[in-house]
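Just so you know, all these numbers are worked out from the coordinates, no wet-lab data involved. The shown structure was predicted, so the numbers you read here are calculated from the model rather than taken from an experiment. As a convention, Cβ positions derive from the backbone with ideal geometry for all residues, glycine included, and neighbour counts pool all protein chains shown.
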Amino acid sequence: MSCPICQGPVAPLSDRRFAVCPAEGVVINLAYEFRRYEHDYFEKEYKNQYGKSYTADRQSILERNHKRFQHIAHLVSHRSHPQVLEIGSAAGYFLKIMQDHGFSVHGWEISAAMAKYANARGLKTTQQDFLKGARQHQARKRKPFDIVAMFYVLEHLPEQAEVWQHLSALVKAGGYLLLALPSAAGPMFRFHRSEWYASHPTDHKIDYSPDSLSTTAKRFGFVSVATFSEGIHPHRFPLGRFAPMARLYRKVLEAAPLADTIYAVLRREG
Ligand SMILES: [Zn+2]
């Protein structure tokens, strides 16, 4: 098996279903299994993974998306960066925030039910998967976007090099790529490795960390502007169940991207 980014050789981890690429530092799932994401993916899978249905969890999803917007609000405006694309836009919660701030938004969403829901709420969404959308965008010589957002999608795609090439082409020079994704620099990978191995989703091809993401992004014309913790779970750290330690970890997580999930802001260089 070779690295899906650089095609170079990889070094196996203690659980041999996983390996690390020494070039970027990414963790690769050698036992990756492709799966189709059908219309009921959100309701069923989300409930399995998070104990609530996607739509019932609306409040926390809204808050997370507001945070994502706040982290870029000093960098972009609807005048400087008007055109926004979200890949995997789901019910359109992030696009709604951007649209309310005057941005012109477009979503690509694989689930027909989600695309229909978003369109009914006035959020222009096309039902298609990423590679199909990106190839078409290129073939039709359409203009790149000022902002491209992709939350919890990148780790699912086995064609990493092609995906990054498309992302380069989709973001205008001086524009931004916003990613949310699992991180191998978080406490699960660091301190609970066997649990991390056991619970790793088979349909996640790759795990980045803030460092390996920035190394990879650089190869494809992006610079890392900032990376933040997404999920704040102090109890996953050593002694994190003790209140004073939990408070300390919370502060650390709010200041540095050390969580199991991260949000990265990358700028496309000219
Ligand atoms: Zn590599």
Sequence-separation-based contact order of the range 11-268, relative, with Cα cut under 8 Å and 6+ spacing, percent
19 percent
Sticking with the crude label model, points 7 Å out along Cα→Cβ, report the distance from Leu239 to Ser77 in nm, one decimal please.
4.8 nm
Go ahead and estimate [θ] at 222 nm for the chain from helices alone: -39,500 (n - 2.57) per DSSP H run with n ≥ 4, summed, over the residue count, rounded to 500.
-10500 deg cm²/dmol
Using the Cα centre as the reference, give the magnitude of the dipole from point charges on the C-beta atoms of the chain (Lys, Arg: +1; Asp, Glu: -1; all else neutral), rounded to the nearest 20 debye.
560 debye
Given the peptides 63-71, 133-141, arrange them by the average over their residues of other C-beta atoms within 10 Å, most packed first.
63-71, 133-141
Is the shape of the chain rounded, prolate or oblate, going by the alpha carbon gyration tensor and its root eigenvalues a ≥ b ≥ c, with a/c under 1.5 for rounded and a/b larger than b/c for prolate?
rounded
Protection proxy (average C-beta count within 10 Å per residue), highest first, orders 152-163, 257-268 as 257-268, 152-163
Listed with the fewest Cβ neighbours within 10 Å leading, Lys251, Lys124 appear as Lys251, Lys124
Translational diffusion coefficient (Stokes-Einstein; Kirkwood radius from C-alpha pairs) of the range 177-241 at 25 °C, 0.890 mPa s, in µm²/s
184 µm²/s
Sorted by chain and number, the residues with a modelled amide H under 5 Å from that of Ala184, at a separation of 5 or more or across chains, are Tyr208, Ser209
What ranking do 195-203, 93-101 get when scored by the average of other Cβ atoms within 10 Å per residue, highest first?
93-101, 195-203
For the range 56-160, with the dipole built from +1 on Lys and Arg beta-carbon atoms and -1 on Asp and Glu ones, taken about the Cα centre, which of Gln160, Ile147, His78 lies farthest toward the positive end?
His78
